[in-house]
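Note sheet for the following structure.
The values are calculated or read from the model by the stated rules, or taken from the named source; none is laboratory data. Because the structure is a prediction, the values reported are computed rather than measured. Cβ placement follows ideal geometry from the backbone for every residue including glycine, while neighbour counts extend to all protein chains displayed. In case anyone asks, the SASA skips ligands and DNA or RNA and just uses the protein heavy atoms, side chains included. Shrake-Rupley method; radii C 1.70, N 1.55, O 1.52, S 1.80 Å.
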Amino acid sequence: MKKILIYAASLVLVVAAGVWVVNWNQIKNNSAEETEKMVALGDSLTYGIGDQSGHGFVEDLEQLLKDNKDASVQVENYGIPDQQTDGLLKQVKQTNIKSDLNHADYFILFIGTNDLIESNGGNLTSINEEKIESGKKDYENNLSEILNIIRNENKDAPILFLGLYNPYPDSQEIEEEVTDWNQKSQSVVDNYRRIKFISTNDLFKEKSEEYFSDALHPNKKGYDLITEKIVKEYDF
């Protein structure tokens, strides 16, 4: 009888231990599932140049989602200063980047500012529409190929595509070019599913040191405007 009781007690302990292990693994799995991965691709604006804290909108977005949306999002920031779409196209073909594309839950793309500036000769002092038009075609082709690669690697993750803003809002000529560039971008992204075009040009209607760190890049407050616009436009 005593042996039977010992055996029964041992069996109960084994079963209890098994249940504990299963529950613990489930807790770990649920915890892992709650943390989603966001891949950020782009240029110096994605990288965060101009933000004194060094965060830019990408890391601020990670924190804002955690604080206000109860969403745990880990961001991989692949922004490269001065990058254009031809550079981004090469980047997304790299093996290590492709692996992250495949496992991403969200994408953010902020690209095209350098394409516009370089197509005009490296600055926006004097607009050359013929050169810009040629650069725009290259940009559209590159962007289409970039999105094709992303969708081939990851068919379902939402892509948040940020439109360009005019860093010189007092210039109507530059405003028209930025508007046209954004319209071209919109026409490209409309060919793909689960892509949200988010406008940023409405955020900076006045050039002010309150929001800009230099002639092109926002400061902390400027990046905050971009971050808040993303959260407002997309329901994470």
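Report yes if Ile132 is farther than 14 Å from Trp181 by Cβ, touching a helix residue (DSSP H, G or I) at 6+ places or on another chain (Cβ under 9 Å) and surrounded by 15 or more Cβ atoms within 10 Å (Cβ to Cβ), otherwise no.
For Ile132, the condition - farther than 14 Å from Trp181 by Cβ, touching a helix residue (DSSP H, G or I) at 6+ places or on another chain (Cβ under 9 Å) and surrounded by 15 or more Cβ atoms within 10 Å (Cβ to Cβ) - is not met.
Can you pull out every residue in the range 86-112 that is of a type in the set (Lys, Arg) and either open to solvent by less than 20 Å² (accessible area, probe 1.4 Å) or in contact with a helix residue (DSSP H, G or I) (Cβ under 8 Å, 6 or more places away or on another chain) (or both)?
Lys93, Lys98
For the range 201-221, what are the residues that are open to solvent by less than 70 Å² (accessible area, probe 1.4 Å) and either out of contact with any helix residue (DSSP H, G or I) (no Cβ under 9 Å at 6 or more places or on another chain) or in a loop (DSSP other than H, G, I, E, B) (or both)?
Passing the criteria: Asn201, Leu203, Phe204, Ser208, Tyr211, Ser213, Asp214, Ala215, Leu216, His217, Asn219.
When you look at Lys93, is it of a type in the set (D, E, K, R) and at pLDDT 95 or above, yes or no?
So Lys93 passes the test.
When you look at Glu130, is it in a helix (DSSP H, G or I), over 18 Å from the mean Cα position of the chain (by Cα) and in contact (Cβ under 8 Å) with a residue 24 or more places away in the chain, yes or no?
no
Considering only the range 194-229, state which residues are in contact (Cβ under 8 Å) with a residue 40 or more places away in the chain, more than 27 Å from Asn123 (Cβ to Cβ) and either touching a Phe, Trp or Tyr at 6+ places or on another chain (Cβ under 7 Å) or basic (Lys, Arg) (or both).
If the condition is that a residue be in contact (Cβ under 8 Å) with a residue 40 or more places away in the chain, more than 27 Å from Asn123 (Cβ to Cβ) and either touching a Phe, Trp or Tyr at 6+ places or on another chain (Cβ under 7 Å) or basic (Lys, Arg) (or both), then Ile195, Thr227 are the ones that fit.
Mind checking which pairs have a first residue in the range 55-81 that is charged (D, E, K, R) and a second that is in a strand (DSSP E or B) and at pLDDT 90 or above, Cβ under 6 Å, 6 or more apart or different chains?
Glu62/Val75; Glu76/Val39
Could you please find all residues in the range 58-72 being touching an Asp or Glu at 6+ places or on another chain (Cβ under 8 Å) and either surrounded by 19 or more Cβ atoms within 10 Å (Cβ to Cβ) or polar (S, T, N, Q) (or both)?
Those that are touching an Asp or Glu at 6+ places or on another chain (Cβ under 8 Å) and either surrounded by 19 or more Cβ atoms within 10 Å (Cβ to Cβ) or polar (S, T, N, Q) (or both): Asp60, Leu64, Ser72.
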